[in-house]
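Worksheet: the structure to be examined is printed underneath.
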Amino acid sequence: MTETDIQHPEDDADLRRWLAAAEAEVPRDVAPEDLSALAARVRAGITEEDARPLAGVRQRPAWQRNLLGVVSLVLLVGSTFAAFPRTDVAHYPLGRLSLELGAFVAAFALCLAVATRGAHLPELPRRWTYGLAVLAVLVVAAVGLLPPAHLHDPYVSRGLGELFSHCGLVGVVLALPVYALIRLVDRGSSLGALAAASAAGLAANTLLQAHCPVVDRAHMLLGHAMVGVWLLLGLLFVRAIERGRGL
Amino acid sequence: MRAYCGGDRAAFDELFQRYAGLLLRVARRQLETEDQARDVVQETFVRLHAARHDFRQDARLRPWVMTIAMNLVREHWRRTKRRKTSLDDTLDARPGPVAEREPLETRQRADLLRRALGQLPASQREVVELHWLQERPFAEVAEIVGTSEGAVRVRAHRAYKTLKELLEPELGHD
């Protein structure tokens, strides 16, 4: 289609007349008392916004909030690694571990940037955010699918219960406050929850990777990568309840 | 906006005076009830306030404000799963054959247009809203909806074509 093929209402007298007449029906002027009432509502809304927890952070520019999030995660992972390092740290190649943690932090930063995207920017296509949620799980799964970094004890998990329970549970428990924090500093975009859940799953996995010495594939997939899946399923569950209540 | 970011409360009043009426008109046309329109206008200003430190001093405020409002309108429709009302139902309910009808009342015409706009995909509807009804140039519409100018022109073309098809029975008879 070329520009000359494009038809606008000004090319069609009937449609133009129709649109103009219909447009005239929508009042152009707003009664001053209507505007005053609306202004009062807006001021009340702004007062409420300023009183919300972490309003000072939420109102900072997006790049500052993202930087704060990434720096916080790096510090948290660093202190976790310092205080409770992997027991297999002597056998795990440090370069590989750094790359894995770096990949998680990079994916986290991407999800965080989407979650905290400014309200004044056009919405991203929904498929991008869905794709990001899938990517957040796949990054962790891909690391889990790599050949084990070593074959020293405890490279393998023991029993199905351990596959799911320890790291899965700890991961979800770690991710929930991260999710809550991100939601407090985002600005309420409709896809913010999905991006925040993805980011929280990655943050939890970064901490698990810094601490958990089990390098068994099954454990990495079912214990670690599933953290993101549980969060997304939880989010879907909450959404289903909200929809059921007509919210 | 610079004064507002600096904490000048009076600057907010000026911003409100400048944009509230425009936003209310846009919201009224896009939404079904006056309450919904006011909610969107209120939330637009609240989000503008929250995002004020993201504003670049060399940027234009109008596309900024309109983008927030259009995002909220889209979010509203997504949340409420827009009820699809068939334009045909409305047209079928009209009294008498076309030749014998009285000229359409303005209110009825506005209602038919609103329903016809409601049949368009959201991406096309917002382009018609901004380009035709708000008389914004395509470049600015592209900035607001976050796509290229060419894509906006194509959406406009498709939207007007669909509108014409939907309103065809009424065009030329009023």
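Laid out as a table, the results:
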item: Residues satisfying the stated conditions in region A:50-59, i.e. without any contact (Cβ under 8 Å) to a residue 60 or more places away in the chain and crowded, with 18+ Cβ neighbours inside 10 Å; result: A:59
item: Residues within region A:29-39 that are more than 8 Å from every other protein chain (Cβ to nearest Cβ) and loosely packed, with under 11 Cβ neighbours inside 10 Å, tallied; result: 4
item: Residue A:117 being of a type outside the set (A, V, I, L, M) and free of Cβ contacts under 8 Å to residues at least 60 places away in the same chain; result: no
item: Residue B:30 being modelled with pLDDT of 85 or more and either over 25 Å from residue A:116 (Cα atoms) or outside the structural domain of residue B:118 (by TED's automatic domain parsing) (or both); result: no
item: Selected residue (only one of B:20, B:51 is within 10 Å of chain A (Cβ to nearest Cβ), touching a His at 6+ places or on another chain (Cβ under 6 Å) and at pLDDT 80 or above); result: B:51
item: Qualifying positions in region B:25-41 - more than 10 Å from every other protein chain (Cβ to nearest Cβ) and either surrounded by fewer than 20 Cβ atoms within 10 Å (Cβ to Cβ) or among the acidic types (Asp, Glu) (or both); result: B:32, B:33, B:35, B:36
item: Breaking point among (1) more than 18 Å from residue B:63 (Cβ to Cβ); (2) of a type outside the set (Phe, Trp, Tyr); (3) at pLDDT below 80, for residue B:124; result: (3)
item: Checking residue A:7 against (1) at pLDDT below 85; (2) under 25 Å from residue A:146 (Cα atoms), the condition it does not meet; result: (2)
item: Residues within region A:51-75 that are assigned to a helix (DSSP H, G or I) and touching a helix residue (DSSP H, G or I) at 6+ places or on another chain (Cβ under 8 Å), tallied; result: 11
item: Near pairs, Cβ below 7 angstrom, 6+ apart or cross-chain, from region B:46-62 (assigned by TED's automatic domain parsing to the domain that holds residue B:16) to any residue that is buried (at least 22 other Cβ atoms within 10 Å of the Cβ) and of a type in the set (D, E, K, R); result: B:47/A:187; B:50/A:187; B:51/A:187
item: When residues of region B:56-76 are limited to those that are more than 7 Å from chain A (Cβ to nearest Cβ) and surrounded by fewer than 18 Cβ atoms within 10 Å (Cβ to Cβ), the one nearest to the chain's Cα centre (by Cα); result: B:62
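The values are calculated or read from the model by the stated rules, or taken from the named source; none is laboratory data. Keep in mind that what you see is a predicted model, and the values were worked out from it rather than measured. Cβ atoms come from the backbone with ideal geometry, glycine included; neighbour counts cover every protein chain shown.
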